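What follows is a single structure, written as structure tokens, with notes after it.
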Amino acid sequence: MEKHKDIWVVAEQNAGVLSRVSLELLSCAARLAGELEEVTGSRPGVLAVVTGGENPREIEELHRHGADGSILALSPLLEDYRTDLHAAVLADLVREKMPEIVLFGATAWGSEVAPGVAAKVKTGLAAHCADLKINPQGLLVQSVPAFGGKVLGEILCPDHRPQMASVRPGVFPAVPVDNPAPVQPVMAPPNLGSEKGRIKVLEVRRQEISGRPLEEAEVVVAGGWGVGSKENWQLLEELAELLGAAVGCTRPALDEGWTAGEHTMIGTSGKAVRPKVYVGFGISGATHHVVGIKDAGLVISINTNPRAEVFQYSDVKVVADARSVIDALIAELKVGKKD
């Protein structure tokens, strides 16, 4: 029986532009390949797999971040995002080439496509992982927040292949390799035939996201329920602009409509960040948020509750009302700019 091999990263693209999480996952996959080599004595290949309607413009970046090779499954039918067609194409590739591990970004795209692929090839999927590693038996250990983010559970898939996981953006750094493999993509035209899928695209509306991406920012200013109001949130955004920072949030702030969208959420159902400085206003410190800032440098927290959980994870602790501190910082920064 043919043995499963290789680690795949499904590299998400939109109109030829690759998602940054794909580069993060390739760096992770290169590390996993090294860990597998230590256990088995044989290093699996790391392959980037792309489905879409056109060739990604930054394909060299895939190789600069650890891909040994790339597989491109391109078709005009895949130009618009449709879960059914993309999942079907990827499932066909998995059956044909038998990878050992397949990784997806836990984005809106990956969170829909990955379960479809797993169901079609009859394997498991650990979603929204916070860490990945290889154990002494050569199995992929998938760490997933559980019980509301209070603990990290370890998931294994010993009996089915491939082992599949999705990982939130920002969990792993995107680290370029010293000697990237040459770019020689393998074209794998999908055999869709007359298949048009069950989903029909009626209209595509693109939302322009403004501001600094959280996962790339050196300074992050974040707010929670304790910010108190939309008016106060606008002041938080003003402070972030003065600091040259990205703005993040917790789930309550998002649910209240104070912030722009889910791309600003930090935590188990949002993004992981690793800024040099993180400043949190009115955030209680629930684990499902804190897990998203575990790799931050200096953590500064402002909360009215002196026993707030967030202070356990903070380097600088300020017991004060969020609005009063925001006002004071804005005033001081504006004076500094005038000077």
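The values are calculated or read from the model by the stated rules, or taken from the named source; none is laboratory data. Quick caveat: nothing in here was measured; it's all calculated off a predicted structure. Cβ atoms come from the backbone with ideal geometry, glycine included; neighbour counts cover every protein chain shown.
Values as computed for the structure displayed
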| quantity | calculated |
| --- | --- |
| Condition check for K200: modelled with pLDDT under 80, exposed (fewer than 15 other Cβ atoms within 10 Å of the Cβ) and touching a helix residue (DSSP H, G or I) at 6+ places or on another chain (Cβ under 9 Å) | no |
| Residue identified as small (G, A, S) and at pLDDT below 90 among A240, A260, A245 | A260 |
| Wholly within the stretch 275-339, strands (runs of 3 or more DSSP E) carrying at least 3 residues that are touching a residue at least 24 places away in the same chain (Cβ under 8 Å) | 277-281 |
| Failed criterion for G153 (all others in (1) surrounded by fewer than 16 Cβ atoms within 10 Å (Cβ to Cβ); (2) at pLDDT below 85; (3) out of contact with any strand residue (DSSP E or B) (no Cβ under 9 Å at 6 or more places or on another chain) hold) | (3) |
| Total residues in the stretch 263-308, condition charged (D, E, K, R) and buried (at least 17 other Cβ atoms within 10 Å of the Cβ) | 2 |
| Matching option when the condition is out of contact with any Asp or Glu (no Cβ under 9 Å at 6 or more places or on another chain) and under 15 Å from L140 (Cα atoms), among R31, R43 | R31 |
| 1 or more residues closer than 20 Å to V89 by Cβ: qualifying strands (runs of 3 or more DSSP E) within the stretch 115-191 | 125-129, 163-167 |
| Pair list, Cβ under 6 Å, 6 or more apart: the stretch 200-221 residue over 26 Å from F281 (Cβ atoms), other residue modelled with pLDDT of 75 or more and assigned to a loop (DSSP other than H, G, I, E, B) | V201/D80 |
| Residue check, V50 out of contact with any Asp or Glu (no Cβ under 7 Å at 6 or more places or on another chain), in a strand (DSSP E or B) and buried (at least 20 other Cβ atoms within 10 Å of the Cβ) | yes |
| Lone unmet requirement of (1) under 30 Å from Q137 (Cα atoms); (2) of a type outside the set (F, W, Y); (3) surrounded by fewer than 23 Cβ atoms within 10 Å (Cβ to Cβ) for L103 | (3) |
| Counted residues, the stretch 326-339 - those being at pLDDT 90 or above and in contact with a helix residue (DSSP H, G or I) (Cβ under 9 Å, 6 or more places away or on another chain) | 4 |
| Lone unmet requirement of (1) assigned to a helix (DSSP H, G or I); (2) crowded, with 21+ Cβ neighbours inside 10 Å; (3) not hydrophobic (A, V, I, L, M, F, W, C) for T259 | (1) |
